[in-house]
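Colleague: Let me give you the structure first, and then I'll get to my questions.
Throughout, read-outs are computed from the coordinates displayed, never taken from laboratory work. Because the structure is predicted, anything quoted here is derived from the model rather than measured. Don't worry about glycine lacking a Cβ; one is built from the backbone with ideal geometry, like all the others, and counts go over all protein chains shown.
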Amino acid sequence: MRTKKSLAIDVSRVQIEILEQSDTTLIIRWVEPGRCHYGEQRWRRRSANSSGTCVVSRRAIRRGDAVFRPAERPAPANAAAMISVDAFHQTIEEHSRSNSN
């Protein structure tokens, strides 16, 4: 059996903007200088199939955690990227609080 080698994502260089959101889907603008740029990329909610790092919070993600991942086929250059659902909701809540003050 062959294993697919994925490239590591330098989360310190990634810029993301959430364009649209629902409970199960995000539409993201993803910019990773020198590697890839997606103007409107669809991400879907699923369980992490491996450990990694959240590109929003920089916190560890464990296998089985709820995450958003790129949903396009063929697999995009950032296919290994993940956003923790918990970190995403926390970021949205913090943003809402700071805008209401």
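Colleague: With the requirement that a residue be on the phi > 0 side of the Ramachandran plot and of a type in the set (Lys, Arg), what does the stretch 30-71 give you?
Modeller: Residue satisfying the conditions is 58 alone.
Colleague: Of the residues 19, 26, only one is part of a strand (DSSP E or B) and exposed (fewer than 13 other Cβ atoms within 10 Å of the Cβ); which?
Modeller: Unique residue meeting the criteria: 19.
Colleague: Could I ask something else about it? I need the full set of residues from the stretch 72-86 which are buried (at least 16 other Cβ atoms within 10 Å of the Cβ), aliphatic (A, V, I, L, M) and over 12 Å from residue 48 (Cβ atoms), in order please.
Modeller: Within the stretch 72-86, 77, 79 meet the criteria.
Colleague: Does residue 29 satisfy the criteria of being among the basic types (Lys, Arg) and in contact with a Phe, Trp or Tyr (Cβ under 9 Å, 6 or more places away or on another chain)?
Modeller: Yes.
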